[in-house]
Amino acid sequence: MKYRRFFGEHLFHPLIGAVLFLVVWMILAQSSEALPGPLKTWDSAVALFSDPFYNHGPNDQGIGWNILNSLGRVGVGFGLAALIGIPLGFIVGRVEFIDKMTSPIISMLRPVSPLAWLPIGLLVFKAANPAAIWVIFISSIWPMIINTAMGVRQLPQDYLNVARVLNLSEWKIFTKILFPATLPYMLTGIRLAIGTAWLVIVAAEMLTGGVGIGFWVWDEWNNLNVEHIIIAIFVVGIVGLLLEMLLVKLAKRFSY
Amino acid sequence: MKNYVQVETVQMSFGTRKGVFVALKDINLSIARGEFITLIGHSGCGKSTLLNLVAGLLMPSDGILLCADREIGGPGPDRGVVFQNHSLLPWLTCFENVHLAVERVFSATEDKAQLNLRTHEALELVHLTHAEQKLPNEISGGMKQRVGIARALAMQPRVLLMDEPFGALDALTRAQLQDELLKIVAQTNSTVIMVTHDVDEAVLLSDRIVMMTNGPAATIGEILGVGLPRPRNRLELAGDPEYMRLRSEVLRFLYERHAHPEAA
(Lines give C-alpha, C1' and ligand atoms only; values in the text may rest on other atoms or scores of the structure.)
Protein backbone atom coordinates (compact mmCIF):
# COMPACT_ATOMS: atom_id res chain seq x y z
CA MET A 1 0.00 0.00 0.00
CA LYS A 2 2.73 2.38 1.00
CA TYR A 3 4.71 1.33 -2.05
CA ARG A 4 1.81 2.10 -4.36
CA ARG A 5 1.18 5.43 -2.73
CA PHE A 6 4.79 6.35 -3.12
CA PHE A 7 4.64 5.62 -6.81
CA GLY A 8 1.31 7.35 -7.19
CA GLU A 9 2.21 10.58 -5.53
CA HIS A 10 5.90 11.03 -5.96
CA LEU A 11 6.87 9.34 -9.19
CA PHE A 12 3.93 8.41 -11.34
CA HIS A 13 2.50 11.84 -12.10
CA PRO A 14 5.84 13.56 -12.68
CA LEU A 15 6.79 10.64 -14.90
CA ILE A 16 3.73 11.13 -17.11
CA GLY A 17 4.62 14.81 -17.33
CA ALA A 18 8.19 14.06 -18.33
CA VAL A 19 7.13 11.56 -21.03
CA LEU A 20 4.61 13.99 -22.48
CA PHE A 21 7.22 16.72 -22.47
CA LEU A 22 9.67 14.51 -24.37
CA VAL A 23 6.98 13.49 -26.88
CA VAL A 24 6.07 17.10 -27.61
CA TRP A 25 9.73 17.96 -27.90
CA MET A 26 10.27 15.09 -30.35
CA ILE A 27 7.34 16.16 -32.51
CA LEU A 28 8.59 19.74 -32.56
CA ALA A 29 12.11 18.56 -33.43
CA GLN A 30 10.74 16.39 -36.26
CA SER A 31 8.99 19.32 -37.87
CA SER A 32 11.92 21.70 -37.51
CA GLU A 33 15.35 21.22 -38.94
CA ALA A 34 17.12 23.57 -36.55
CA LEU A 35 15.82 22.12 -33.28
CA PRO A 36 17.60 18.95 -32.16
CA GLY A 37 15.50 16.17 -30.62
CA PRO A 38 15.88 14.68 -27.13
CA LEU A 39 18.10 11.80 -28.22
CA LYS A 40 20.57 14.00 -30.06
CA THR A 41 20.64 16.36 -27.08
CA TRP A 42 21.18 13.45 -24.71
CA ASP A 43 24.18 12.17 -26.71
CA SER A 44 25.64 15.63 -26.71
CA ALA A 45 25.06 15.97 -22.96
CA VAL A 46 26.80 12.66 -22.26
CA ALA A 47 29.80 13.84 -24.25
CA LEU A 48 29.76 17.22 -22.52
CA PHE A 49 29.53 15.86 -18.99
CA SER A 50 32.12 13.14 -19.58
CA ASP A 51 34.75 15.85 -19.17
CA PRO A 52 33.20 18.78 -17.31
CA PHE A 53 36.42 20.27 -15.97
CA TYR A 54 38.76 20.65 -18.93
CA ASN A 55 40.49 23.95 -19.39
CA HIS A 56 41.66 25.07 -22.80
CA GLY A 57 42.25 28.70 -22.02
CA PRO A 58 39.78 31.42 -21.01
CA ASN A 59 37.41 30.91 -23.96
CA ASP A 60 37.09 27.16 -23.87
CA GLN A 61 36.43 25.50 -20.52
CA GLY A 62 34.29 22.57 -19.38
CA ILE A 63 30.64 22.98 -18.41
CA GLY A 64 31.58 22.36 -14.77
CA TRP A 65 33.85 25.40 -14.70
CA ASN A 66 31.16 27.50 -16.34
CA ILE A 67 28.59 26.53 -13.74
CA LEU A 68 31.01 27.06 -10.86
CA ASN A 69 32.01 30.47 -12.16
CA SER A 70 28.40 31.54 -12.43
CA LEU A 71 27.65 30.20 -8.95
CA GLY A 72 30.71 32.05 -7.68
CA ARG A 73 29.47 35.38 -9.06
CA VAL A 74 26.03 34.78 -7.63
CA GLY A 75 27.60 33.83 -4.30
CA VAL A 76 29.74 36.95 -4.05
CA GLY A 77 27.04 39.36 -5.27
CA PHE A 78 24.42 37.74 -3.11
CA GLY A 79 26.72 37.57 -0.08
CA LEU A 80 27.51 41.27 -0.31
CA ALA A 81 23.81 42.02 -0.69
CA ALA A 82 23.06 39.97 2.45
CA LEU A 83 25.85 41.70 4.34
CA ILE A 84 24.36 45.10 3.58
CA GLY A 85 20.69 44.31 2.98
CA ILE A 86 19.94 42.37 6.17
CA PRO A 87 21.26 44.98 8.64
CA LEU A 88 19.57 47.66 6.53
CA GLY A 89 16.34 45.69 6.74
CA PHE A 90 16.60 45.61 10.52
CA ILE A 91 17.10 49.38 10.65
CA VAL A 92 14.28 50.06 8.20
CA GLY A 93 11.95 47.78 10.13
CA ARG A 94 12.83 49.16 13.54
CA VAL A 95 13.12 52.91 12.91
CA GLU A 96 9.94 54.36 11.52
CA PHE A 97 11.30 57.55 10.06
CA ILE A 98 14.02 55.72 8.14
CA ASP A 99 11.33 53.39 6.85
CA LYS A 100 9.28 56.35 5.60
CA MET A 101 12.40 57.96 4.19
CA THR A 102 13.55 54.95 2.20
CA SER A 103 10.37 53.18 1.20
CA PRO A 104 9.55 55.40 -1.82
CA ILE A 105 13.09 54.97 -3.13
CA ILE A 106 13.02 51.22 -2.65
CA SER A 107 9.58 50.95 -4.23
CA MET A 108 10.81 52.89 -7.23
CA LEU A 109 14.09 51.01 -7.72
CA ARG A 110 12.80 47.50 -7.03
CA PRO A 111 10.88 47.01 -10.31
CA VAL A 112 13.87 48.13 -12.41
CA SER A 113 15.48 45.23 -14.25
CA PRO A 114 18.85 44.64 -12.59
CA LEU A 115 20.44 44.59 -16.04
CA ALA A 116 19.75 48.29 -16.36
CA TRP A 117 22.39 48.73 -13.66
CA LEU A 118 25.04 46.92 -15.69
CA PRO A 119 26.37 50.03 -17.48
CA ILE A 120 26.70 51.78 -14.13
CA GLY A 121 28.72 48.82 -12.89
CA LEU A 122 30.92 48.85 -15.99
CA LEU A 123 31.41 52.58 -15.58
CA VAL A 124 32.37 52.38 -11.91
CA PHE A 125 34.40 49.16 -11.86
CA LYS A 126 35.80 49.38 -15.39
CA ALA A 127 35.79 45.58 -15.64
CA ALA A 128 33.23 42.98 -16.70
CA ASN A 129 33.43 40.57 -13.78
CA PRO A 130 32.78 43.09 -10.95
CA ALA A 131 30.01 44.60 -13.09
CA ALA A 132 28.26 41.21 -13.30
CA ILE A 133 28.63 40.80 -9.54
CA TRP A 134 27.24 44.30 -9.10
CA VAL A 135 24.14 43.35 -11.09
CA ILE A 136 23.61 40.31 -8.86
CA PHE A 137 24.09 42.51 -5.81
CA ILE A 138 21.41 44.93 -7.00
CA SER A 139 18.97 42.16 -7.86
CA SER A 140 19.42 40.47 -4.47
CA ILE A 141 19.37 43.43 -2.15
CA TRP A 142 15.70 44.47 -2.51
CA PRO A 143 14.04 41.25 -1.35
CA MET A 144 16.59 41.06 1.45
CA ILE A 145 15.79 44.55 2.79
CA ILE A 146 12.05 44.28 2.25
CA ASN A 147 11.59 40.86 3.84
CA THR A 148 13.85 41.51 6.80
CA ALA A 149 12.06 44.78 7.48
CA MET A 150 8.71 43.04 7.20
CA GLY A 151 9.81 40.42 9.71
CA VAL A 152 10.91 43.09 12.16
CA ARG A 153 7.66 45.00 11.73
CA GLN A 154 5.56 41.89 12.32
CA LEU A 155 7.26 41.03 15.56
CA PRO A 156 4.37 40.08 17.87
CA GLN A 157 3.62 42.68 20.54
CA ASP A 158 3.66 39.82 23.07
CA TYR A 159 7.37 39.27 22.60
CA LEU A 160 8.06 42.97 22.96
CA ASN A 161 6.00 42.99 26.15
CA VAL A 162 8.10 40.11 27.45
CA ALA A 163 11.21 42.09 26.63
CA ARG A 164 9.85 45.11 28.48
CA VAL A 165 8.65 43.17 31.50
CA LEU A 166 11.95 41.31 31.80
CA ASN A 167 13.70 44.62 31.20
CA LEU A 168 16.07 43.03 28.67
CA SER A 169 19.02 44.94 27.29
CA GLU A 170 18.99 46.02 23.64
CA TRP A 171 21.57 43.35 22.85
CA LYS A 172 19.49 40.60 24.48
CA ILE A 173 16.38 41.83 22.72
CA PHE A 174 18.22 41.56 19.43
CA THR A 175 19.81 38.15 19.97
CA LYS A 176 17.01 36.43 21.86
CA ILE A 177 13.89 38.00 20.35
CA LEU A 178 14.34 40.19 17.29
CA PHE A 179 16.79 38.03 15.35
CA PRO A 180 15.13 34.63 15.88
CA ALA A 181 11.68 36.09 15.26
CA THR A 182 12.83 37.68 12.02
CA LEU A 183 14.85 34.71 10.79
CA PRO A 184 12.00 33.00 8.88
CA TYR A 185 11.23 36.23 7.02
CA MET A 186 14.91 36.75 6.34
CA LEU A 187 15.16 33.27 4.87
CA THR A 188 12.21 34.02 2.60
CA GLY A 189 14.08 37.13 1.45
CA ILE A 190 17.20 35.07 0.86
CA ARG A 191 15.24 32.53 -1.15
CA LEU A 192 13.67 35.21 -3.33
CA ALA A 193 17.05 36.90 -3.71
CA ILE A 194 18.86 33.72 -4.78
CA GLY A 195 16.05 32.94 -7.21
CA THR A 196 16.29 36.34 -8.87
CA ALA A 197 20.07 36.31 -8.82
CA TRP A 198 20.24 32.98 -10.58
CA LEU A 199 17.67 34.25 -13.08
CA VAL A 200 19.69 37.36 -13.78
CA ILE A 201 23.16 35.84 -13.96
CA VAL A 202 22.55 34.21 -17.36
CA ALA A 203 21.58 37.51 -18.96
CA ALA A 204 24.33 39.42 -17.19
CA GLU A 205 27.02 37.02 -18.34
CA MET A 206 25.71 37.11 -21.90
CA LEU A 207 26.47 40.81 -21.84
CA THR A 208 29.74 40.76 -19.92
CA GLY A 209 31.38 37.59 -21.30
CA GLY A 210 34.02 35.55 -19.49
CA VAL A 211 33.69 32.05 -18.11
CA GLY A 212 30.13 31.36 -16.97
CA ILE A 213 26.99 29.56 -17.99
CA GLY A 214 25.41 32.69 -19.47
CA PHE A 215 28.27 33.51 -21.77
CA TRP A 216 28.62 29.84 -22.59
CA VAL A 217 25.05 29.88 -23.95
CA TRP A 218 25.89 32.93 -26.03
CA ASP A 219 29.09 31.32 -27.27
CA GLU A 220 27.28 28.17 -28.30
CA TRP A 221 24.71 30.28 -30.13
CA ASN A 222 27.56 31.82 -32.10
CA ASN A 223 28.83 28.29 -32.79
CA LEU A 224 25.25 27.32 -33.72
CA ASN A 225 25.46 24.42 -31.30
CA VAL A 226 21.78 24.24 -30.38
CA GLU A 227 22.13 21.00 -28.38
CA HIS A 228 24.41 22.79 -25.96
CA ILE A 229 21.97 25.66 -25.57
CA ILE A 230 19.21 23.23 -24.64
CA ILE A 231 21.56 21.47 -22.23
CA ALA A 232 22.36 24.84 -20.66
CA ILE A 233 18.67 25.55 -20.17
CA PHE A 234 18.30 22.28 -18.30
CA VAL A 235 21.45 22.88 -16.28
CA VAL A 236 20.34 26.36 -15.23
CA GLY A 237 16.92 24.99 -14.32
CA ILE A 238 18.28 22.11 -12.28
CA VAL A 239 20.81 24.24 -10.40
CA GLY A 240 18.09 26.79 -9.64
CA LEU A 241 15.83 24.02 -8.38
CA LEU A 242 18.59 22.64 -6.15
CA LEU A 243 19.29 26.09 -4.67
CA GLU A 244 15.60 26.53 -3.98
CA MET A 245 15.30 23.10 -2.34
CA LEU A 246 18.33 23.74 -0.19
CA LEU A 247 16.89 27.01 1.11
CA VAL A 248 13.44 25.53 1.70
CA LYS A 249 15.11 22.86 3.80
CA LEU A 250 17.05 25.52 5.70
CA ALA A 251 13.86 27.52 6.27
CA LYS A 252 12.10 24.45 7.67
CA ARG A 253 14.83 24.07 10.22
CA PHE A 254 14.07 27.57 11.54
CA SER A 255 10.27 27.61 11.56
CA TYR A 256 8.65 27.46 14.97
CA MET B 1 3.17 46.60 55.08
CA LYS B 2 -0.34 47.86 54.50
CA ASN B 3 0.03 49.82 51.28
CA TYR B 4 2.41 47.67 49.31
CA VAL B 5 0.82 48.51 45.99
CA GLN B 6 -1.10 51.74 45.80
CA VAL B 7 -3.29 53.02 42.99
CA GLU B 8 -4.39 56.60 43.57
CA THR B 9 -7.09 58.39 41.54
CA VAL B 10 -5.88 56.78 38.38
CA GLN B 11 -7.52 57.61 35.11
CA MET B 12 -6.67 56.03 31.78
CA SER B 13 -7.79 57.34 28.43
CA PHE B 14 -6.75 56.39 24.94
CA GLY B 15 -6.74 58.63 21.91
CA THR B 16 -8.77 57.01 19.15
CA ARG B 17 -9.94 58.22 15.77
CA LYS B 18 -13.33 59.07 17.23
CA GLY B 19 -11.77 61.12 20.02
CA VAL B 20 -10.64 60.38 23.52
CA PHE B 21 -11.83 57.11 24.98
CA VAL B 22 -11.84 56.98 28.78
CA ALA B 23 -11.19 53.39 29.78
CA LEU B 24 -10.68 53.76 33.52
CA LYS B 25 -11.75 56.50 35.90
CA ASP B 26 -11.19 57.22 39.60
CA ILE B 27 -9.42 53.99 40.43
CA ASN B 28 -8.27 53.82 44.05
CA LEU B 29 -6.86 50.61 45.39
CA SER B 30 -4.44 49.71 48.10
CA ILE B 31 -2.96 46.25 48.36
CA ALA B 32 -1.14 44.80 51.34
CA ARG B 33 1.98 42.68 51.16
CA GLY B 34 1.18 39.00 50.69
CA GLU B 35 -2.36 39.71 49.63
CA PHE B 36 -4.05 37.88 46.75
CA ILE B 37 -6.27 40.22 44.76
CA THR B 38 -8.42 39.31 41.78
CA LEU B 39 -9.88 41.81 39.36
CA ILE B 40 -13.18 40.65 37.92
CA GLY B 41 -15.61 42.22 35.49
CA HIS B 42 -17.14 41.80 32.07
CA SER B 43 -14.90 41.89 29.05
CA GLY B 44 -14.02 45.43 28.05
CA CYS B 45 -14.22 46.76 31.61
CA GLY B 46 -10.55 47.64 31.64
CA LYS B 47 -9.32 45.07 34.13
CA SER B 48 -6.39 44.16 31.90
CA THR B 49 -5.68 47.85 31.43
CA LEU B 50 -5.45 48.25 35.19
CA LEU B 51 -3.07 45.29 35.40
CA ASN B 52 -0.92 46.72 32.61
CA LEU B 53 -0.77 50.00 34.51
CA VAL B 54 0.61 48.22 37.57
CA ALA B 55 2.98 46.31 35.29
CA GLY B 56 4.17 49.63 33.89
CA LEU B 57 3.39 48.59 30.33
CA LEU B 58 0.98 51.53 30.22
CA MET B 59 1.30 54.93 31.81
CA PRO B 60 -1.79 56.46 33.46
CA SER B 61 -3.32 59.59 31.94
CA ASP B 62 -3.88 60.88 35.43
CA GLY B 63 -3.16 59.78 38.98
CA ILE B 64 -0.26 57.78 40.34
CA LEU B 65 0.69 54.16 40.99
CA LEU B 66 3.14 53.11 43.67
CA CYS B 67 4.86 49.85 44.41
CA ALA B 68 6.71 49.64 47.74
CA ASP B 69 6.42 53.44 48.03
CA ARG B 70 8.12 54.02 44.71
CA GLU B 71 6.33 55.40 41.70
CA ILE B 72 5.81 52.93 38.88
CA GLY B 73 7.51 54.54 35.91
CA GLY B 74 7.74 51.54 33.61
CA PRO B 75 8.04 47.78 33.60
CA GLY B 76 10.54 46.33 36.02
CA PRO B 77 11.66 43.00 37.41
CA ASP B 78 10.07 43.81 40.76
CA ARG B 79 6.72 43.09 39.08
CA GLY B 80 6.57 39.69 37.41
CA VAL B 81 3.95 39.30 34.73
CA VAL B 82 2.24 36.10 33.59
CA PHE B 83 0.56 36.70 30.25
CA GLN B 84 -2.69 35.12 29.13
CA ASN B 85 -1.12 33.48 26.11
CA HIS B 86 2.03 32.47 28.03
CA SER B 87 4.26 34.48 25.63
CA LEU B 88 7.15 32.07 25.83
CA LEU B 89 9.81 32.54 23.18
CA PRO B 90 9.32 29.54 20.88
CA TRP B 91 12.98 29.24 19.90
CA LEU B 92 14.18 28.87 23.48
CA THR B 93 13.74 25.78 25.66
CA CYS B 94 11.72 26.04 28.85
CA PHE B 95 14.98 26.30 30.77
CA GLU B 96 16.30 29.08 28.53
CA ASN B 97 13.01 30.97 28.75
CA VAL B 98 13.20 31.05 32.53
CA HIS B 99 16.96 31.60 32.51
CA LEU B 100 16.53 34.75 30.44
CA ALA B 101 14.56 36.30 33.31
CA VAL B 102 16.87 34.98 36.03
CA GLU B 103 19.95 36.23 34.22
CA ARG B 104 18.55 39.73 33.90
CA VAL B 105 17.82 40.10 37.59
CA PHE B 106 20.62 38.19 39.30
CA SER B 107 23.60 38.08 36.92
CA ALA B 108 25.15 41.12 38.56
CA THR B 109 25.41 39.44 41.95
CA GLU B 110 25.54 35.71 41.26
CA ASP B 111 27.71 33.34 39.26
CA LYS B 112 26.67 30.97 36.51
CA ALA B 113 26.05 27.98 38.76
CA GLN B 114 23.79 29.99 41.04
CA LEU B 115 21.81 31.33 38.08
CA ASN B 116 21.33 27.82 36.75
CA LEU B 117 20.28 26.64 40.19
CA ARG B 118 17.68 29.39 40.43
CA THR B 119 16.30 28.41 37.04
CA HIS B 120 16.11 24.75 38.07
CA GLU B 121 14.38 25.68 41.30
CA ALA B 122 11.79 27.84 39.56
CA LEU B 123 10.92 25.00 37.19
CA GLU B 124 10.86 22.55 40.05
CA LEU B 125 8.35 24.77 41.84
CA VAL B 126 5.91 24.28 38.95
CA HIS B 127 6.83 20.56 38.61
CA LEU B 128 8.43 20.85 35.20
CA THR B 129 11.92 19.54 35.87
CA HIS B 130 11.32 16.78 33.32
CA ALA B 131 10.48 19.28 30.55
CA GLU B 132 13.36 21.69 31.04
CA GLN B 133 15.01 20.97 27.73
CA LYS B 134 11.80 20.95 25.71
CA LEU B 135 10.70 23.71 23.36
CA PRO B 136 7.37 25.41 24.15
CA ASN B 137 5.73 23.83 21.10
CA GLU B 138 6.54 20.38 22.43
CA ILE B 139 4.55 20.78 25.65
CA SER B 140 0.85 21.24 26.48
CA GLY B 141 -0.93 24.54 27.06
CA GLY B 142 -1.07 23.98 30.80
CA MET B 143 2.65 23.27 30.92
CA LYS B 144 3.42 26.39 28.92
CA GLN B 145 1.45 28.46 31.38
CA ARG B 146 3.40 26.85 34.22
CA VAL B 147 6.66 27.85 32.54
CA GLY B 148 5.24 31.38 32.31
CA ILE B 149 4.56 31.32 36.05
CA ALA B 150 8.04 29.94 36.73
CA ARG B 151 9.56 32.70 34.61
CA ALA B 152 7.69 35.39 36.55
CA LEU B 153 8.42 33.86 39.97
CA ALA B 154 12.09 33.23 39.22
CA MET B 155 12.70 36.97 39.26
CA GLN B 156 11.50 37.01 42.86
CA PRO B 157 9.16 39.89 42.14
CA ARG B 158 7.53 41.96 44.84
CA VAL B 159 4.23 41.49 43.03
CA LEU B 160 3.04 38.77 40.69
CA LEU B 161 0.70 40.10 38.01
CA MET B 162 -1.42 37.58 36.15
CA ASP B 163 -3.63 38.44 33.19
CA GLU B 164 -6.24 35.69 32.89
CA PRO B 165 -3.46 33.15 33.17
CA PHE B 166 -5.72 30.12 32.95
CA GLY B 167 -8.30 31.57 30.57
CA ALA B 168 -7.14 29.58 27.57
CA LEU B 169 -6.98 26.22 29.37
CA ASP B 170 -9.56 23.47 29.69
CA ALA B 171 -11.50 23.21 32.96
CA LEU B 172 -9.55 20.27 34.44
CA THR B 173 -6.13 21.75 33.69
CA ARG B 174 -7.34 25.07 35.02
CA ALA B 175 -8.41 23.54 38.32
CA GLN B 176 -5.11 21.74 38.64
CA LEU B 177 -3.13 24.90 38.00
CA GLN B 178 -5.27 26.88 40.45
CA ASP B 179 -4.46 24.33 43.15
CA GLU B 180 -0.78 24.51 42.27
CA LEU B 181 -0.88 28.29 42.34
CA LEU B 182 -2.48 28.21 45.80
CA LYS B 183 0.40 26.07 47.06
CA ILE B 184 3.07 28.17 45.39
CA VAL B 185 1.64 31.40 46.74
CA ALA B 186 1.46 29.92 50.24
CA GLN B 187 5.05 28.72 49.89
CA THR B 188 6.50 31.95 48.51
CA ASN B 189 4.17 34.35 50.32
CA SER B 190 3.73 36.30 47.10
CA THR B 191 1.60 39.35 46.57
CA VAL B 192 -0.61 38.63 43.58
CA ILE B 193 -2.92 40.66 41.36
CA MET B 194 -4.84 38.46 38.98
CA VAL B 195 -7.33 39.33 36.26
CA THR B 196 -10.07 36.77 35.76
CA HIS B 197 -13.62 36.38 34.51
CA ASP B 198 -14.13 33.11 36.36
CA VAL B 199 -16.18 33.57 39.53
CA ASP B 200 -15.10 30.30 41.15
CA GLU B 201 -11.48 31.06 40.45
CA ALA B 202 -11.83 34.47 42.07
CA VAL B 203 -13.45 33.14 45.25
CA LEU B 204 -11.13 30.16 45.56
CA LEU B 205 -7.90 32.13 45.24
CA SER B 206 -8.50 35.65 46.54
CA ASP B 207 -8.23 37.48 49.80
CA ARG B 208 -10.19 40.28 48.17
CA ILE B 209 -12.16 40.40 44.94
CA VAL B 210 -12.17 43.74 43.16
CA MET B 211 -15.33 43.93 41.08
CA MET B 212 -15.32 46.43 38.25
CA THR B 213 -18.20 48.23 36.58
CA ASN B 214 -18.67 48.21 32.84
CA GLY B 215 -16.74 50.54 30.60
CA PRO B 216 -16.34 53.08 29.20
CA ALA B 217 -15.01 55.00 32.19
CA ALA B 218 -15.05 51.82 34.25
CA THR B 219 -14.21 52.00 37.89
CA ILE B 220 -14.12 49.79 40.96
CA GLY B 221 -17.72 48.98 41.83
CA GLU B 222 -17.20 47.00 44.98
CA ILE B 223 -14.50 45.16 46.86
CA LEU B 224 -15.45 41.85 48.42
CA GLY B 225 -13.32 40.42 51.23
CA VAL B 226 -12.93 36.64 51.15
CA GLY B 227 -12.45 35.41 54.69
CA LEU B 228 -12.24 31.70 53.90
CA PRO B 229 -9.45 30.09 55.92
CA ARG B 230 -6.32 28.83 54.16
CA PRO B 231 -5.21 26.34 53.03
CA ARG B 232 -8.28 26.09 50.88
CA ASN B 233 -9.53 22.90 49.37
CA ARG B 234 -11.82 23.08 46.39
CA LEU B 235 -13.76 19.94 47.33
CA GLU B 236 -14.47 21.03 50.87
CA LEU B 237 -15.37 24.52 49.74
CA ALA B 238 -17.86 23.27 47.15
CA GLY B 239 -20.51 22.78 49.84
CA ASP B 240 -19.35 25.50 52.22
CA PRO B 241 -22.13 28.04 52.93
CA GLU B 242 -19.71 30.97 53.17
CA TYR B 243 -18.20 30.01 49.81
CA MET B 244 -21.68 29.84 48.30
CA ARG B 245 -22.56 33.23 49.73
CA LEU B 246 -19.44 34.89 48.32
CA ARG B 247 -19.96 33.23 44.98
CA SER B 248 -23.54 34.46 44.64
CA GLU B 249 -22.42 37.89 45.85
CA VAL B 250 -20.04 38.16 42.90
CA LEU B 251 -22.58 36.71 40.51
CA ARG B 252 -25.19 39.20 41.67
CA PHE B 253 -22.79 42.07 41.09
CA LEU B 254 -21.89 40.86 37.62
CA TYR B 255 -25.30 39.84 36.36
CA GLU B 256 -27.81 41.99 38.26
CA ARG B 257 -26.25 45.29 39.05
CA HIS B 258 -23.71 45.47 36.26
CA ALA B 259 -24.99 43.18 33.59
CA HIS B 260 -23.01 43.25 30.42
CA PRO B 261 -24.26 46.16 28.26
CA GLU B 262 -24.87 43.87 25.30
CA ALA B 263 -26.87 41.40 27.38
CA ALA B 264 -28.95 44.07 29.08
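The C-alpha atoms of chain B define a longest principal axis, and helix B:94-106 lies at about 80 degrees to it.
Please give me, ordered by residue number, the trypsin sites (Lys or Arg not before Pro) of segment A:177-256 that lie in loop per DSSP and have at most 11 other Cβ atoms within 10 Å. Write down the numbers at each step before the final one.
Working: sites: A:ARG191, A:LYS249, A:LYS252, A:ARG253; in loops: none.
Nothing satisfies the criteria.
Highest mobility in the GNM of chain B, judged by mean-square fluctuation with C-alpha springs under 10 Å and restricted to B:LYS134, B:LYS18, B:LYS112, is found for B:LYS18.
Could you tell me what a quarter of the Cα convex hull surface of segment A:42-252 works out to, in nm² with one decimal place?
On the way: hull surface 55.5 nm².
Mean projected area for segment A:42-252: 13.9 nm², to one decimal.
Helix B:171-188 and the long axis of chain B differ in direction by around 70°, with both axes built from C-alpha atoms.
Sorting A:TRP25, A:TRP134, A:TRP218 by solvent-accessible area of protein heavy atoms yields A:TRP218, A:TRP134, A:TRP25, largest first, with a 1.4 Å probe. The residues of segment A:42-252 have, on average, 51 Å² of accessible surface per residue, using a 1.4 Å probe with all protein chains present. Distance from the Cα centroid of segment A:197-215 to that of segment B:194-264 is 73 Å (rounded to whole angstrom). Here the 3J(HN,Hα) profile of segment B:117-130, calculated from phi with Karplus coefficients 6.51, -1.76 and 1.60 at θ = phi - 60°, is 4, 4, 4, 4, 5, 4, 6, 5, 4, 9, 6, 10, 3, 6 Hz, Gly and Pro shown as x.
Geometric descriptor of the protein assembly as shown, per residue, is 256 Å³ (volume of the convex hull of the Cα atoms).
Screening chain A for DSSP H helices whose Cα atoms reach 24 Å or more along their own axis and whose mean Kyte hydropathy is at least 1.6 gives A:13-31, A:226-253.
Which whole-number value in Å³ per residue fits the convex hull of the alpha carbons of chain B? Display every interim value, and only then the final one.
Details: hull volume 37.9 nm³, N = 264.
Hull volume over Cα atoms, normalised by residue count, gives 143 Å³.
Pairs exceeding a 25 Å alpha-carbon distance, out of B:LYS47/B:LYS144; A:LYS172/A:LYS249; A:LYS100/A:LYS249; A:LYS176/B:LYS144; A:LYS176/B:LYS47: A:LYS172/A:LYS249; A:LYS100/A:LYS249; A:LYS176/B:LYS47. When chain A is treated as a Gaussian network with alpha carbon springs shorter than 10 Å, the biggest mean-square fluctuation among A:ALA45, A:ALA163, A:ALA181 belongs to A:ALA163. A 1.4 Å probe over all protein chains sorts A:ARG73, B:ARG245, B:ARG257 by accessible area into B:ARG257, B:ARG245, A:ARG73, starting with the largest. Each Cα pair under 8 Å and six or more residues apart adds its separation to the average, and for chain B the resulting relative contact order is 25 percent. Split the accessible area of the protein assembly as shown by element, probe 1.4 Å, and carbon with sulfur accounts for 62%. If you run the Gaussian network model on chain B, springs between alpha carbon atoms under 10 Å, then out of B:ARG118, B:ARG158, B:ARG70 the most flexible one is B:ARG70.
Among B:38-49, B:22-33, what's the highest-first ranking by average C-beta atoms within 10 angstrom per residue?
B:38-49, B:22-33
Contact residues in segment A:240-256 (at least 20 Å² less accessible area with all protein chains than alone, 1.4 Å probe): A:TYR256. Spin-label model, B:ASN233/B:PHE21: points 7 Å from Cα along the beta carbon direction are separated by 4.7 nm. Modelled spin labels at B:LYS183 and B:GLU222, positioned 7 Å past Cα toward Cβ, are 3.5 nm from each other.
Taking a probe of 1.4 Å, how large is the accessible area per residue of chain B, in Å²?
In whole numbers, chain B has 45 Å² accessible per residue.
Taking the 0 to 90 degree range and rounding to the nearest ten, how far is the long axis of helix B:241-252 tilted relative to the main principal axis of chain B, both from C-alpha atoms? It works out to around 60 degrees.
Mind grabbing the interface size between B and A? I mean buried accessible area, both sides, 1.4 Å probe, in Å² to the nearest hundred. Don't skip to the end; give the middle numbers.
Values: alone 12830 and 15710 Å², together 26710 Å².
Buried area (both sides, nearest 100 Å²): 1800 Å².
The values are calculated or read from the model by the stated rules, or taken from the named source; none is laboratory data. All values derive from a computational prediction rather than experimental measurement. Don't worry about glycine lacking a Cβ; one is built from the backbone with ideal geometry, like all the others, and counts go over all protein chains shown. Ligands, DNA and RNA are stripped out before the accessible areas are found, and what is left, the full protein with its side chains, is counted by its heavy atoms. Shrake-Rupley method; radii C 1.70, N 1.55, O 1.52, S 1.80 Å.
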